[in-house]
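One structure is given here, and the rest of the page talks about it.
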Amino acid sequence: MGKKPSTTEPKSKLPIVLAAIGFFLAEVVVLAGAASPFRLPKEAVVLAALSLAVAGGIIAAARRRAITLPHGPLVWVLISLPILQAVSALWSASRLRTLESSLLTLIWVVGILWLATVTTTTRRRLALVAAFGVAISACVMLVQLAGVSVFDFSAPFSSKRLSLTGLTGNPADLAMAAVLLLPFLLTWGEDSSRPWLYRVLAVTLALAALITQTLTGVVALAILLVVWLIQKRSKRLWLTTLGLGALIVAVALAAGLGTRLLKASDRAQKGNWYRVFSARGDGWSAAAEMIRERPLIGVGAANYTQLYYPSRLAWLTRHGGTGARGELASHFQWAHCDPLQVVAELGILGIVWMAAFVLAIVSIRRRAGPLLPLAVAAWVPFALLHYPSHLAVGLIPIALLLAHLIATTEPPRTFQWRRARLPVTTVVVVLAIVAAGWQLRRVAVDLWIGGNELRLTMSEGLDPANRARLAAAIEAQILSRIQRLPSAAPTLWRTVGRARLVRREAAGAEVAFRTAYALWPHEDAEFYLGMSLVTQGRRGEGLQHLGRVCRTNPALARYISDKGLRRSVQDMVAAYRRQ
């Protein structure tokens, strides 16, 4: 028979400490990866910490001979998501990618359910830890903005907005982390013994969101504050917020926000919505093409990135014209619209799941308190224009929110646990250790891949002989491990191909890039395949590949050093543009 959970803190503090460490590290540790210095390794760190925290919680429950379990419609909706993702492996292009994604989702869901069994005080502390991390990240951003180089994010990660990057991530990631944590600070700070701490953190995070010049962050922050002020209905608070807000906006405008807003306004007036939305149309059009081709079952969980390039090409072929990106980065790992990506990957099942999720939230809205509308106001703009459910810095506040909703609207039940304690605890602990080890291995592999790519890029400053020796060493190291890393094989084969081009082994490079493309039809694989064919004297074949990939992103032509070849590719792109 169920009992109400205890409102006292659990005797074992270790699970909470582990979760806090994971949340804090996600906001302040920079681990240079193959795609970004901020993203996938951070998720792995958080998931490793959550896995061990859950194991600690199970051990504590076994010692107490009582286990606390959450329940309610929201719980079942969350549990169903990794199951749906796993089922989609039956028809996905990359089953391994899909199954890995479903396991990652499962760890997040289990972590949310465990967070729902701890006290509200504990969840508040975890939110504060994450907010402190974002505040530290924001301070690093401000210091870099002032001209002090805290970290040397050298090529290939540098960009003109690098000074607006904090430890949490790039400008949009930092703005998202700040805004999504604000509802907790605004709500929980009111009955805290230290309200000033919550207010200082709230002001710091709001300032950080504005100074990043992320338009999505500006919109989300504005909506959030309006909802909060409507909730409070206090003239004094309105005046105080307006005064403080004016000061924060003035600082942000002085830091460059005004220039960015003017540019966005000018582009909107000219009808250049592609630039207003920062090239998100590329990601949206690819998702739309996936939905058009497979509307019922989708392309499979986590397969958006797998099929982005061929889908983008198919969309351009059907509609004519070319892409319009102005930066060398061309690949979209996520659609920049989480609901659209869910439909692209899971089809009708994705729509049904999202509807069930919304209904579960609506059914508990009256019992959820003021935190829910504030969180929705902050989350919706990012869900539609960014990808909060794919980054650790977005998933941390989402996990805390969902756990809080589950705990406060459907209080977890405590059951006496006398039977099967030892075998269940043993199995859970073993699985948790395996999951944590898997995540730490992801970090190590990502660092190794990123290090190899960075070394290969930086080797351009070496003399030809030393550069060739370095490329040979990188290739040998990768080939000795590639069979043991099937999920990373496409990326590794691309690096092998680049290393072979450095060594002037164009035929071997062609084999590597064809292998990489077969595993994952990626722009980089086709671009360098074209270059390897041209190097072998097969100019016509190479030109076809280069023309295709530069159709999606004409800026890639800048990578072609041969002026005649570059001009031929640009002529092909111009012909595509006139279609």
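The values are calculated or read from the model by the stated rules, or taken from the named source; none is laboratory data. Quick caveat, the model's predicted, so the values are computed rather than measured. Note that we place each Cβ from the backbone using ideal geometry, even for glycine, and neighbour counts take in every protein chain shown.
Brief remarks follow.
- Just one of (1) within 24 Å of Leu47 (Cα to Cα); (2) surrounded by fewer than 21 Cβ atoms within 10 Å (Cβ to Cβ); (3) touching an Asp or Glu at 6+ places or on another chain (Cβ under 9 Å) fails for Phe382. It is (2).
- Hey, Arg65 within 22 Å of the chain's Cα centre (by Cα) and in contact (Cβ under 8 Å) with a residue 60 or more places away in the chain or not: no
- Meets criteria (among the aliphatic types (A, V, I, L, M), part of a helix (DSSP H, G or I) and surrounded by fewer than 17 Cβ atoms within 10 Å (Cβ to Cβ)) for Ala444: yes
- Among the residues making up segment 58-78, those that are among the hydrophobic types (A, V, I, L, M, F, W, C), under 19 Å from Val118 (Cβ atoms) and assigned to a helix (DSSP H, G or I) are Ile58, Ile59, Ala60, Ala61, Ala62, Leu74, Val75, Leu78.
- Failed item, numbered, when Val376 is tested on (1) touching a residue at least 24 places away in the same chain (Cβ under 8 Å); (2) over 27 Å from Ser88 (Cα atoms): (1)
- Condition met for Gly451 (surrounded by fewer than 18 Cβ atoms within 10 Å (Cβ to Cβ) and either part of a helix (DSSP H, G or I) or without any contact (Cβ under 8 Å) to a residue 24 or more places away in the chain (or both)): yes
- Some residue of segment 407-414 being assigned by TED's automatic domain parsing to the domain that holds Ala26, of a type in the set (D, E, K, R) and either crowded, with 23+ Cβ neighbours inside 10 Å or within 30 Å of Gly169 (Cα to Cα) (or both): no
- Of the residues making up segment 510-525, those that are under 31 Å from the mean Cα position of the chain (by Cα), under 24 Å from Leu470 (Cα atoms) and at pLDDT 95 or above are Ala512, Phe513, Arg514, Thr515, Ala516, Ala525.
- Note on segment 282-305: residues that are within 16 Å of the chain's Cα centre (by Cα) and either closer than 21 Å to Pro82 by Cβ or without any contact (Cβ under 8 Å) to a residue 12 or more places away in the chain (or both) amount to 5.
- Answer residue from segment 536-567, given it is buried (at least 19 other Cβ atoms within 10 Å of the Cβ) and not hydrophobic (A, V, I, L, M, F, W, C) and is nearest to Ala509 (Cα to Cα) among those: Gly542
So that you can scan it fast, the table gives a plain yes or no per residue for (1) surrounded by fewer than 21 Cβ atoms within 10 Å (Cβ to Cβ); (2) without any contact (Cβ under 8 Å) to a residue 12 or more places away in the chain:
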residue	(1), (2)
Leu470	yes, no
Leu479	yes, no
Arg484	yes, yes
Leu492	no, no
Ala509	no, no
His522	no, no
Glu526	no, no
Leu529	no, no
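A quick yes/no check of all residues on (1) hydroxyl-bearing (Ser, Thr, Tyr); (2) modelled with pLDDT of 90 or more:
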| position | (1), (2) |
| --- | --- |
| Tyr308 | yes, yes |
| Ser311 | yes, yes |
| Leu328 | no, no |
| Cys337 | no, yes |
| Gln341 | no, yes |
| Leu346 | no, yes |
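- Test: residue in segment 47-57 that is touching a residue at least 40 places away in the same chain (Cβ under 8 Å), part of a helix (DSSP H, G or I), surrounded by fewer than 22 Cβ atoms within 10 Å (Cβ to Cβ) and out of contact with any Pro (no Cβ under 9 Å at 6 or more places or on another chain): no
- Members of segment 279-330 that are among the charged types (D, E, K, R), under 13 Å from Asn553 (Cβ atoms) and assigned to a loop (DSSP other than H, G, I, E, B): Arg325, Glu327
- Candidate set: segment 310-329, residues that are small (Gly, Ala, Ser) and under 24 Å from Ala383 (Cβ atoms); chosen: the one nearest to the chain's Cα centre (by Cα): Ala329
- Condition met for Gln333 (out of contact with any Ser or Thr (no Cβ under 8 Å at 6 or more places or on another chain) and either surrounded by 23 or more Cβ atoms within 10 Å (Cβ to Cβ) or touching a residue at least 40 places away in the same chain (Cβ under 8 Å) (or both)): no
- Segment 286-327 - residue that is surrounded by fewer than 24 Cβ atoms within 10 Å (Cβ to Cβ) and β-branched (Val, Ile, Thr) and, of those, nearest to Asp524 (Cα to Cα): Thr305
- Long-range neighbours under 6 Å by Cβ, at least six apart or interchain, first residue without any contact (Cβ under 8 Å) to a residue 24 or more places away in the chain and of a type outside the set (Lys, Arg) within segment 122-151, second surrounded by fewer than 23 Cβ atoms within 10 Å (Cβ to Cβ) and not in a helix (DSSP H, G or I): Val143/Val150; Gln144/Val150
- So Glu460, is it farther than 27 Å from Ala518 by Cβ, in contact (Cβ under 8 Å) with a residue 24 or more places away in the chain and either touching a His at 6+ places or on another chain (Cβ under 6 Å) or of a type in the set (Asp, Glu) (or both): no
- Any hit, segment 408-430, residues being small (Gly, Ala, Ser), at negative phi and either touching a residue at least 12 places away in the same chain (Cβ under 8 Å) or not in a helix (DSSP H, G or I) (or both): no
- Out of Ser102, Ser88, one residue alone is out of contact with any Gly (no Cβ under 9 Å at 6 or more places or on another chain), within 21 Å of Ala302 (Cα to Cα) and not hydrophobic (A, V, I, L, M, F, W, C). It is Ser102.
- Condition met for Ile474 (surrounded by 14 or more Cβ atoms within 10 Å (Cβ to Cβ), without any contact (Cβ under 8 Å) to a residue 40 or more places away in the chain, of a type in the set (Val, Ile, Thr) and more than 24 Å from Glu100 (Cα to Cα)): yes
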